[in-house]
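K.L.:
Structure in structure tokens, see below.
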Amino acid sequence: EGLLGKQVGDGQCYALSKFYVNQISNFNLVGLNAYAIGQDNVQQFRAHSWKVIFNPKASDLKAGAVINWYPGPVADSQYGHTGIIASVKGNAFSTYEQNIAGVQTVQKMNRTWDSSISSICIPPK
């Protein structure tokens, strides 16, 4: 909540997820595409006790997870999109995201599960 309205890193969505992961587990995400964060970093996530779920179902969504979207309804770029799940209620959830519609500050968004979610990365307890 303390980051709402502030720019993290270069203002891209990836910068927010990278900051979040680094704060929890002290490693930096690698890769270029937001939709591939789970795939590109799966070994690092697992080495730091994160759980990575590819093509998750709505029931897999968990507060605190990094969520990654393929290009599609949420992501209007070829790189996909990423954010952090704030809360989950059924197939609806809220997120912290950056670079929504060109606004390069952290915003809280209300989302609904859809099949364009490429992966979720759930931090250790």
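K.L.:
At 0.36 nm per residue, minus the direct Cα-Cα distance, what do Thr105 and Ala92 gain on full extension? Give it in nm, one decimal, please.
P.N.:
Length gained between Thr105 and Ala92: 2.4 nm.
K.L.:
With the other protein chains left in place, how much accessible area per residue, in square angstrom, belongs to the chain at a 1.4 angstrom probe?
P.N.:
Accessible area per residue, the chain: 51 Å².
K.L.:
Please work out the FRET efficiency for the pair Val30 and Gln78, using the Cβ-Cβ distance as r and a Förster radius of 25 Å; give the result to the nearest 0.05.
P.N.:
Step by step, r from the Cβ atoms, then E = 0.85.
K.L.:
Pulled fully out, how much extra length does the chain show between Gln43 and Ser115, if you take 0.36 nm times their separation in residues and subtract their Cα-Cα distance?
P.N.:
23.5 nm
K.L.:
Averaging sequence separations of C-alpha pairs under 8 Å and six or more residues apart, then dividing by the length of the range 39-125, give the relative contact order as a whole percent.
P.N.:
Rounded, it is 36 percent for the range 39-125.
K.L.:
How big is the C-alpha Rg of the chain next to the rule-of-thumb value 2.2 N^0.38 Å, as a ratio?
P.N.:
Here the answer is 0.93, to two decimals.
K.L.:
If I model a spin label at Leu4 and Ala58 as a point 7 Å from the Cα along the Cα→Cβ vector, what separation in nanometres do I get?
P.N.:
Calculated label separation equals 2.5 nm.
The values are calculated or read from the model by the stated rules, or taken from the named source; none is laboratory data. Treat the numbers as computed from the prediction; the structure is a model and nothing was measured. For neighbour counting, all protein chains shown are included, and Cβ atoms are generated from backbone atoms with ideal geometry for every residue, glycine included. For accessibility, only protein heavy atoms count, side chains too; no ligands or nucleic acids. Shrake-Rupley method; radii C 1.70, N 1.55, O 1.52, S 1.80 Å.
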